[in-house]
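**Student:** Here you go, one structure.
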Amino acid sequence: MANPAVLILLGPPGAGKGTQARMLEEDFGLVQLSTGDLLRAAVAAGTDAGKRAKAVMEAGQLVSDDIVLAILKDRMAEPDTQKGIILDGFPRTAGQAAALDDLLSASAQQVTAAISLDVVDEAMVARVSGRYTCAKCGEGYHDEFKLPATAGSCDKCGGTEFKRRADDNAETVRERLSAYHAQTAPLIAYYDGKGLLKRVDAMGAISDIRTSLASIVKTATA
Ligand code: ADP
Ligand code: ZN
């Protein structure tokens with residue numbers, strides 16, 4: 001059997017990595033690995049790593065590579081990742097990218113493709129600062145761009161509780177955007193140099209972006 005696919009989604013906060021990763025799970029049976037979600041779970045569980053990460057995340061800065069790598073390695077050791085993975089929010093630094101290459105080569109695997117979701121920075125502050133999710137099923141909403149059909153009730157599951165991330169406010173988003181440009185955007189050139197980079201215009205409709213991604217993934221995994 002061919003090696004499981006390893007897809008990387010690159011893009012600033014608000015680019016739609018999480019939204020599209022959920023769709024790739026549906027369309028291709030892959031598993032989404034979001035280091036942001038894994039870290040938030042560690043914070044909520046009060047683990048040592050979570051305690052160290054909390055303040056850094058609330059300030060919009062990057063958690064240290066050693067914490068992120070430990071959390072990611074644990075998750076990658078779980079059997080469902082054999083279906084193939086979509087890395088959402090990882091790697092975010094040159095060190096993480098190198099560590100990922102090492103980790104994969106230890107099991108004779110490699111990155112299948114790195115897909116950059118190309119967006120206009122200025123639009124991201126409004127996208128991120130208005131977003132919230134259903135506490136029950138995780139469906140995403142937005143104060144301006146995507147309200148539930150019936151106020152206060154989730155379209156997908158009827159849930160009535162919603163949550164907002166502590167770091168989804170205008171000030172922290174600006175900090176996260178500068179961390180992205182300083183530390184993560186250089187990875188676009190890194191994967192381009194390896195012939196693995198694909199680019200998608202991610203300013204359009206969610207369904208159009210889903211279609212573009214699906215055709216990229218089909219080609220890359222063929
Ligand atoms: P977004 O991409 O919208 O900023 P995430 O949920 O991916 O949101 O990440 C939220 C926060 O979690 C980041 O601002 C950072 O503090 C931390 N984080 C997530 N992934 C990483 C990573 N790979 N390396 C370092 N910090 C990370
Ligand atoms: Zn829901």
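The values are calculated or read from the model by the stated rules, or taken from the named source; none is laboratory data. Bear in mind that the values here come from a model prediction, so they are computed numbers and not experimental data. Calculation scope for accessible area: heavy atoms of the full protein, side chains included, ligands and nucleic acids excluded. Shrake-Rupley method; radii C 1.70, N 1.55, O 1.52, S 1.80 Å.
**Student:** Whole-Hz ³J(HN,Hα) for each residue in the range 80-92, computed from phi via Karplus 6.51 cos²θ - 1.76 cosθ + 1.60 with θ = phi - 60°, x for glycine and proline: what do you get?
**Tutor:** With coefficients 6.51, -1.76 and 1.60, one gets 5, 5, 5, 6, x, 10, 10, 8, 10, x, 8, x, 10 Hz.
**Student:** Follow-up question, since we're still on this one. Enumerate the whole-percent occupancy of each 5 Å bin, from 0 to the last occupied one, for all C-alpha pair distances of the range 1-128.
**Tutor:** 2, 10, 20, 23, 21, 15, 7, 2, 0
**Student:** Over the Cα atoms of the range 158-222, Rg to Rh with Kirkwood Rh, two decimal places?
**Tutor:** Result for the range 158-222 is an Rg/Rh of 1.09.
**Student:** Taking amide H positions as placed in the peptide plane 1.01 Å from N, state which residues far from Ser34 in sequence (5 or more) or on other chains have amide H under 5 Å from it.
**Tutor:** Long-range HN contacts for Ser34: Asp88.
**Student:** Can I get the semi-axes of the chain's equivalent ellipsoid? Compute them from the C-alpha gyration tensor as square roots of 5 times the eigenvalues, in angstrom, largest first.
**Tutor:** 26, 21, 18
**Student:** Please list, in order along the range 21-27, the HN-Hα scalar couplings obtained from phi with the Karplus expression 6.51 cos²θ - 1.76 cosθ + 1.60 (θ = phi - 60°), rounded to whole Hz, x for Gly and Pro.
**Tutor:** Karplus values, whole Hz, x for Gly and Pro: 5, 4, 6, 5, 4, 5, 6.
**Student:** Here's a follow-up. Of all accessible surface on the range 97-222 at a 1.4 Å probe, what whole percent is carbon and sulfur?
**Tutor:** 52
**Student:** How many angstrom separate the Cα center of the range 153-218 from the Cα center of the range 11-80?
**Tutor:** Centre-to-centre distance over Cα atoms comes out at 13 Å.
**Student:** Can I ask one more? Per residue of the range 106-117, what does 6.51 cos²θ - 1.76 cosθ + 1.60 with θ = phi - 60° give for ³J(HN,Hα)? Whole Hz please, x for Gly and Pro, Karplus curve as stated.
**Tutor:** 4, 10, 6, 10, 8, 5, 7, 6, 10, 10, 8, 8
**Student:** Another question, then. How large is log10 I(q)/I(0) at q = 0.20 Å⁻¹ when the Debye formula is applied to the Cα atoms of the range 43-116, each weighted equally and without solvent?
**Tutor:** Those come out to -0.97, one per q.
**Student:** Per the Kirkwood formula on distinct C-alpha pairs, the Rh of the range 111-184 is how many angstrom?
**Tutor:** 14.0
**Student:** Just to verify a number: what accessible area does Asp74 come out at with the full protein assembly present, 1.4 Å probe, Å² rounded to tens?
**Tutor:** Spelled out: Asp74, probe radius 1.4 Å, area about 110 Å².
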